[in-house]
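The values are calculated or read from the model by the stated rules, or taken from the named source; none is laboratory data. Predicted model only: the values in this text are computed from it and were never measured. Don't worry about glycine lacking a Cβ; one is built from the backbone with ideal geometry, like all the others, and counts go over all protein chains shown. Protein only, heavy atoms only, side chains kept; ligands, DNA and RNA dropped before computing areas. Shrake-Rupley method; radii C 1.70, N 1.55, O 1.52, S 1.80 Å.
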Amino acid sequence: MDDVERRQQEAARARAVEFWRRHDEMEARLSRPVSERMLDLGRVSTGMRVLDIASGRGEPALPAAHRVGPHGWVLATDLGEGVLQIARERASREGLKNVGFQVVDAEALEVGEQSFDVATLRWGLMYMREPERALQSIHHALKPGGVLVIASWAEPARVPWASLARRMLERYRDVPLPISGSDGPGVFRHADRASLDAVLQRNGFSTEAVEELDIPVVEASDGHGIVAWIRELGGPLVKLVDEMPEHLQRAWEADIRADVEKHRVGEKVTLGGVTRITVSRRS
(Lines give C-alpha, C1' and ligand atoms only; values in the text may rest on other atoms or scores of the structure.)
Protein backbone atom coordinates (compact mmCIF):
# COMPACT_ATOMS: atom_id res chain seq x y z
CA MET A 1 0.00 0.00 0.00
CA ASP A 2 1.52 3.35 -1.03
CA ASP A 3 1.23 6.62 0.88
CA VAL A 4 -1.60 7.96 -1.27
CA GLU A 5 -3.71 4.86 -0.76
CA ARG A 6 -2.96 4.86 2.95
CA ARG A 7 -4.04 8.49 3.29
CA GLN A 8 -7.23 7.77 1.36
CA GLN A 9 -8.08 4.88 3.68
CA GLU A 10 -7.36 6.96 6.76
CA ALA A 11 -9.61 9.74 5.45
CA ALA A 12 -12.38 7.24 4.71
CA ARG A 13 -12.12 5.82 8.24
CA ALA A 14 -12.25 9.30 9.72
CA ARG A 15 -15.40 10.12 7.72
CA ALA A 16 -16.99 6.87 8.88
CA VAL A 17 -16.27 7.66 12.52
CA GLU A 18 -17.84 11.10 12.19
CA PHE A 19 -20.86 9.57 10.45
CA TRP A 20 -21.43 7.18 13.34
CA ARG A 21 -20.86 9.90 15.92
CA ARG A 22 -23.69 11.85 14.36
CA HIS A 23 -26.01 8.86 14.17
CA ASP A 24 -24.95 6.78 17.17
CA GLU A 25 -27.92 7.60 19.40
CA MET A 26 -30.45 6.85 16.69
CA GLU A 27 -28.88 3.62 15.48
CA ALA A 28 -28.26 2.30 19.01
CA ARG A 29 -31.87 3.01 19.94
CA LEU A 30 -33.36 1.47 16.81
CA SER A 31 -31.18 -1.63 16.83
CA ARG A 32 -31.23 -2.24 20.58
CA PRO A 33 -33.72 -5.15 20.17
CA VAL A 34 -31.06 -7.02 18.18
CA SER A 35 -28.44 -6.56 20.90
CA GLU A 36 -30.85 -7.56 23.64
CA ARG A 37 -32.07 -10.62 21.77
CA MET A 38 -28.50 -11.72 21.08
CA LEU A 39 -27.80 -11.54 24.81
CA ASP A 40 -31.04 -13.37 25.60
CA LEU A 41 -30.15 -16.20 23.24
CA GLY A 42 -26.61 -16.34 24.64
CA ARG A 43 -28.11 -16.48 28.14
CA VAL A 44 -25.80 -13.72 29.29
CA SER A 45 -26.25 -13.20 33.02
CA THR A 46 -24.58 -12.00 36.22
CA GLY A 47 -20.93 -12.88 36.64
CA MET A 48 -20.27 -14.05 33.07
CA ARG A 49 -17.30 -13.12 30.90
CA VAL A 50 -18.36 -11.91 27.45
CA LEU A 51 -16.17 -11.29 24.39
CA ASP A 52 -17.68 -8.88 21.85
CA ILE A 53 -15.98 -8.97 18.44
CA ALA A 54 -16.28 -6.10 15.95
CA SER A 55 -17.95 -4.14 18.73
CA GLY A 56 -17.79 -0.82 16.93
CA ARG A 57 -19.65 1.74 19.03
CA GLY A 58 -20.29 -0.81 21.77
CA GLU A 59 -23.08 -3.10 20.58
CA PRO A 60 -23.81 -5.46 22.17
CA ALA A 61 -20.84 -5.01 24.52
CA LEU A 62 -22.36 -2.25 26.64
CA PRO A 63 -25.78 -3.88 27.10
CA ALA A 64 -23.84 -7.05 28.01
CA ALA A 65 -21.87 -5.15 30.65
CA HIS A 66 -25.11 -4.07 32.28
CA ARG A 67 -26.26 -7.69 32.36
CA VAL A 68 -23.11 -9.31 33.78
CA GLY A 69 -22.87 -6.76 36.58
CA PRO A 70 -19.83 -5.84 38.70
CA HIS A 71 -18.76 -9.47 39.11
CA GLY A 72 -18.71 -10.09 35.37
CA TRP A 73 -16.50 -8.73 32.61
CA VAL A 74 -16.93 -7.71 28.97
CA LEU A 75 -14.13 -7.20 26.47
CA ALA A 76 -15.09 -5.13 23.42
CA THR A 77 -12.74 -5.46 20.45
CA ASP A 78 -12.65 -3.74 17.09
CA LEU A 79 -10.21 -3.02 14.30
CA GLY A 80 -10.89 0.73 14.50
CA GLU A 81 -9.79 2.99 17.34
CA GLY A 82 -12.19 5.75 16.31
CA VAL A 83 -15.40 3.77 16.73
CA LEU A 84 -14.17 2.17 19.95
CA GLN A 85 -13.60 5.64 21.36
CA ILE A 86 -17.32 6.29 20.88
CA ALA A 87 -17.99 3.12 22.88
CA ARG A 88 -15.58 4.22 25.62
CA GLU A 89 -17.32 7.55 25.95
CA ARG A 90 -20.71 5.91 26.13
CA ALA A 91 -19.48 3.42 28.76
CA SER A 92 -18.27 6.35 30.84
CA ARG A 93 -21.64 8.10 30.54
CA GLU A 94 -23.39 4.91 31.62
CA GLY A 95 -21.06 4.41 34.58
CA LEU A 96 -19.76 1.03 33.39
CA LYS A 97 -16.55 -0.13 35.08
CA ASN A 98 -16.71 -3.77 34.00
CA VAL A 99 -15.90 -3.40 30.31
CA GLY A 100 -12.55 -3.16 28.57
CA PHE A 101 -11.67 -2.09 25.04
CA GLN A 102 -9.03 -3.46 22.72
CA VAL A 103 -8.08 -2.41 19.20
CA VAL A 104 -7.26 -5.70 17.51
CA ASP A 105 -7.90 -7.63 14.32
CA ALA A 106 -10.36 -10.42 15.13
CA GLU A 107 -8.41 -12.66 12.79
CA ALA A 108 -5.40 -12.42 15.09
CA LEU A 109 -7.13 -12.23 18.45
CA GLU A 110 -5.11 -13.02 21.57
CA VAL A 111 -7.26 -12.79 24.70
CA GLY A 112 -6.39 -15.94 26.62
CA GLU A 113 -7.38 -19.52 25.96
CA GLN A 114 -10.81 -20.71 27.16
CA SER A 115 -11.42 -17.50 29.11
CA PHE A 116 -14.93 -16.42 27.99
CA ASP A 117 -18.40 -17.89 28.50
CA VAL A 118 -20.06 -16.15 25.54
CA ALA A 119 -18.87 -14.38 22.39
CA THR A 120 -21.00 -11.99 20.37
CA LEU A 121 -20.50 -10.69 16.84
CA ARG A 122 -23.08 -8.25 15.53
CA TRP A 123 -22.93 -7.36 11.84
CA GLY A 124 -19.18 -7.85 11.60
CA LEU A 125 -18.21 -11.33 10.43
CA MET A 126 -19.40 -10.69 6.86
CA TYR A 127 -16.94 -7.80 6.46
CA MET A 128 -13.82 -9.68 7.53
CA ARG A 129 -11.15 -10.61 5.02
CA GLU A 130 -10.76 -14.10 6.50
CA PRO A 131 -13.78 -14.89 8.66
CA GLU A 132 -12.61 -18.45 9.29
CA ARG A 133 -9.49 -17.17 11.03
CA ALA A 134 -11.68 -14.96 13.21
CA LEU A 135 -13.85 -17.95 14.13
CA GLN A 136 -10.74 -19.94 15.02
CA SER A 137 -9.63 -17.12 17.33
CA ILE A 138 -13.07 -17.01 18.97
CA HIS A 139 -13.08 -20.78 19.37
CA HIS A 140 -9.74 -20.53 21.15
CA ALA A 141 -11.07 -17.80 23.48
CA LEU A 142 -14.30 -19.58 24.47
CA LYS A 143 -14.57 -22.13 27.24
CA PRO A 144 -15.61 -25.64 26.15
CA GLY A 145 -19.34 -25.49 25.54
CA GLY A 146 -19.21 -21.70 25.25
CA VAL A 147 -21.75 -19.92 23.08
CA LEU A 148 -21.18 -17.74 20.01
CA VAL A 149 -24.05 -15.48 18.89
CA ILE A 150 -23.79 -13.88 15.44
CA ALA A 151 -26.07 -11.31 13.80
CA SER A 152 -25.96 -11.18 10.00
CA TRP A 153 -28.28 -9.84 7.30
CA ALA A 154 -30.81 -11.81 5.26
CA GLU A 155 -31.05 -11.73 1.47
CA PRO A 156 -31.12 -8.35 -0.33
CA ALA A 157 -34.86 -8.31 -1.04
CA ARG A 158 -35.51 -8.28 2.70
CA VAL A 159 -32.82 -5.73 3.61
CA PRO A 160 -33.85 -2.46 1.95
CA TRP A 161 -31.43 -0.29 3.95
CA ALA A 162 -28.64 -1.92 1.93
CA SER A 163 -30.45 -2.74 -1.33
CA LEU A 164 -33.06 -0.04 -2.02
CA ALA A 165 -30.63 2.60 -3.25
CA ARG A 166 -29.08 0.12 -5.65
CA ARG A 167 -32.44 -1.13 -6.91
CA MET A 168 -33.49 2.44 -7.71
CA LEU A 169 -30.13 3.23 -9.31
CA GLU A 170 -30.51 0.29 -11.70
CA ARG A 171 -33.34 2.25 -13.35
CA TYR A 172 -30.83 4.80 -14.59
CA ARG A 173 -27.51 3.04 -15.15
CA ASP A 174 -25.62 -0.24 -14.93
CA VAL A 175 -24.46 -1.00 -11.40
CA PRO A 176 -21.32 -3.17 -11.66
CA LEU A 177 -21.13 -3.87 -7.93
CA PRO A 178 -21.69 -7.23 -6.24
CA ILE A 179 -24.69 -7.41 -3.94
CA SER A 180 -24.90 -11.02 -2.80
CA GLY A 181 -22.86 -14.15 -2.45
CA SER A 182 -20.24 -15.42 -0.02
CA ASP A 183 -17.08 -14.89 -2.04
CA GLY A 184 -15.89 -11.77 -0.30
CA PRO A 185 -16.60 -9.15 2.36
CA GLY A 186 -19.98 -7.46 2.20
CA VAL A 187 -23.39 -6.98 3.78
CA PHE A 188 -24.85 -10.11 2.18
CA ARG A 189 -21.90 -12.47 2.54
CA HIS A 190 -23.88 -14.76 4.88
CA ALA A 191 -27.37 -14.03 3.57
CA ASP A 192 -27.60 -17.72 2.76
CA ARG A 193 -28.06 -19.41 6.12
CA ALA A 194 -26.37 -22.59 4.92
CA SER A 195 -23.15 -20.74 4.11
CA LEU A 196 -22.80 -19.48 7.67
CA ASP A 197 -23.69 -22.87 9.15
CA ALA A 198 -20.98 -24.46 7.03
CA VAL A 199 -18.24 -22.04 8.03
CA LEU A 200 -19.19 -22.41 11.69
CA GLN A 201 -19.04 -26.19 11.47
CA ARG A 202 -15.64 -26.11 9.78
CA ASN A 203 -14.30 -24.12 12.70
CA GLY A 204 -15.57 -26.13 15.64
CA PHE A 205 -19.07 -24.74 16.21
CA SER A 206 -22.47 -26.40 15.97
CA THR A 207 -25.54 -24.29 15.21
CA GLU A 208 -28.25 -24.62 17.86
CA ALA A 209 -30.83 -21.96 16.98
CA VAL A 210 -31.62 -19.34 14.34
CA GLU A 211 -34.05 -16.43 14.64
CA GLU A 212 -34.97 -13.48 12.45
CA LEU A 213 -35.85 -9.94 13.43
CA ASP A 214 -37.11 -7.13 11.20
CA ILE A 215 -35.25 -4.11 12.49
CA PRO A 216 -35.05 -0.41 11.49
CA VAL A 217 -31.61 1.08 10.93
CA VAL A 218 -32.46 4.70 10.14
CA GLU A 219 -35.50 6.92 10.72
CA ALA A 220 -36.44 10.38 9.50
CA SER A 221 -39.45 12.64 9.23
CA ASP A 222 -39.62 12.05 5.47
CA GLY A 223 -37.80 10.56 2.52
CA HIS A 224 -35.48 13.56 2.24
CA GLY A 225 -33.90 12.50 5.54
CA ILE A 226 -33.46 8.91 4.34
CA VAL A 227 -31.80 10.09 1.12
CA ALA A 228 -29.49 12.35 3.10
CA TRP A 229 -28.49 9.40 5.32
CA ILE A 230 -27.78 7.19 2.30
CA ARG A 231 -25.65 9.89 0.70
CA GLU A 232 -23.83 10.55 3.96
CA LEU A 233 -23.17 6.83 4.44
CA GLY A 234 -21.37 6.97 1.12
CA GLY A 235 -19.57 4.07 -0.49
CA PRO A 236 -19.10 2.88 -4.07
CA LEU A 237 -22.80 3.08 -4.93
CA VAL A 238 -23.05 6.74 -4.01
CA LYS A 239 -19.99 7.40 -6.16
CA LEU A 240 -21.89 5.89 -9.08
CA VAL A 241 -24.81 8.20 -8.33
CA ASP A 242 -22.52 11.23 -8.28
CA GLU A 243 -21.26 10.35 -11.75
CA MET A 244 -24.73 10.79 -13.26
CA PRO A 245 -26.16 14.05 -14.63
CA GLU A 246 -27.91 16.18 -12.04
CA HIS A 247 -31.42 15.46 -13.35
CA LEU A 248 -30.87 11.71 -13.03
CA GLN A 249 -29.55 12.10 -9.51
CA ARG A 250 -32.69 14.02 -8.58
CA ALA A 251 -34.84 11.31 -10.17
CA TRP A 252 -33.01 8.61 -8.18
CA GLU A 253 -33.60 10.55 -4.97
CA ALA A 254 -37.30 11.00 -5.79
CA ASP A 255 -37.68 7.26 -6.34
CA ILE A 256 -36.21 6.53 -2.93
CA ARG A 257 -38.39 9.15 -1.23
CA ALA A 258 -41.52 7.66 -2.78
CA ASP A 259 -40.59 4.08 -1.90
CA VAL A 260 -39.81 4.70 1.78
CA GLU A 261 -43.23 6.22 2.38
CA LYS A 262 -44.62 2.69 2.57
CA HIS A 263 -42.56 2.33 5.74
CA ARG A 264 -44.13 5.36 7.42
CA VAL A 265 -45.45 4.96 10.95
CA GLY A 266 -46.99 8.17 12.24
CA GLU A 267 -44.51 11.02 11.87
CA LYS A 268 -41.54 8.83 10.95
CA VAL A 269 -40.37 6.79 7.99
CA THR A 270 -37.79 4.07 8.56
CA LEU A 271 -35.44 1.94 6.52
CA GLY A 272 -34.08 -1.32 7.84
CA GLY A 273 -34.18 -5.01 7.12
CA VAL A 274 -34.31 -8.57 8.38
CA THR A 275 -31.37 -9.63 10.49
CA ARG A 276 -30.66 -13.27 11.27
CA ILE A 277 -29.36 -14.24 14.71
CA THR A 278 -27.43 -17.51 14.77
CA VAL A 279 -26.60 -19.25 18.04
CA SER A 280 -23.81 -21.83 17.98
CA ARG A 281 -21.84 -23.74 20.58
CA ARG A 282 -18.12 -24.43 20.79
CA SER A 283 -17.26 -28.10 20.73
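Electrostatic bookkeeping for H224 treats Lys and Arg as +1 and Asp and Glu as -1; over the other residues with beta carbon under 15 Å from its beta carbon, the sum is -3. Using the 1.4 Å probe convention, the accessible area of the chain works out to 47 Å² per residue with neighbouring protein chains retained. With all pairs of different C-alpha atoms in the average, the Kirkwood value for the hydrodynamic radius of segment 142-258 is 16.5 Å.
For I53, the shell of other residues with beta-carbons less than 11 Å away shows a net charge of -3, using +1 for Lys and Arg and -1 for Asp and Glu.
Within the shell of other residues whose beta carbon sits under 13 angstrom from the beta carbon of P176, the net charge comes to 0, with Lys and Arg scored +1 and Asp and Glu -1. Can you tell which of L142, F188, P131 lies farthest toward the positive end of the dipole of segment 100-229, using +1 and -1 charges on the Cβ of basic and acidic side chains (Lys, Arg; Asp, Glu)? Checked the options; the winner is F188.
Taking trypsin sites (Lys or Arg not before Pro) across segment 120-160, the ones in a DSSP loop with at most 14 further Cβ atoms lying within 10 angstrom of their Cβ are R129. Placing +1 on the Cβ of every Lys and Arg and -1 on the Cβ of every Asp and Glu, with nothing else charged, gives the chain a dipole about its Cα centre of roughly 580 debye. Placing unit charges on each Cβ (+1 for Lys and Arg, -1 for Asp and Glu) gives the chain a dipole about its Cα centre, and among A254, L41, L79 the Cα reaching farthest toward its positive end belongs to L41.
Here the accessible area of the chain is 50 percent carbon and sulfur, with a 1.4 angstrom probe and all protein chains present. Listed by chain and number, the lysines whose alpha-carbon sits under 29 Å from that of K262, ignoring those within fewer than 8 places in the same chain, are K239. With a/c under 1.5 counting as rounded, go ahead and sort segment 1-66 into rounded, prolate or oblate using the C-alpha gyration tensor (a ≥ b ≥ c being the square roots of the eigenvalues; past the cut-off, prolate if a/b is larger than b/c, else oblate). Because a/c hits 1.5 or more and a/b exceeds b/c, segment 1-66 counts as prolate. Of the trypsin sites (Lys or Arg not before Pro) found in segment 56-121, the ones in coil according to DSSP and having at most 11 other Cβ atoms within 10 Å of their Cβ are K97. The GluC sites (Glu not before Pro) of segment 93-147 meeting both criteria, a DSSP state outside H, G, I, E and B (loop) and at most 16 other C-beta atoms within 10 angstrom of the site's C-beta, are E94, E110, E113. For the chain, the residue among V218, G56, T207 whose Cα projects farthest onto the positive side of the dipole built from Cβ charges is T207. Taking every DSSP helix (H) stretch of at least 4 residues in the chain, weighting each as -39,500 (n - 2.57) and dividing the sum by the residue count yields a mean residue ellipticity at 222 nm of -14000 deg cm²/dmol.
When the square roots of the Cα gyration tensor eigenvalues are ordered a ≥ b ≥ c, the ratio a/c for segment 242-283 is 1.5 or more and a/b does not exceed b/c, which makes its shape oblate.
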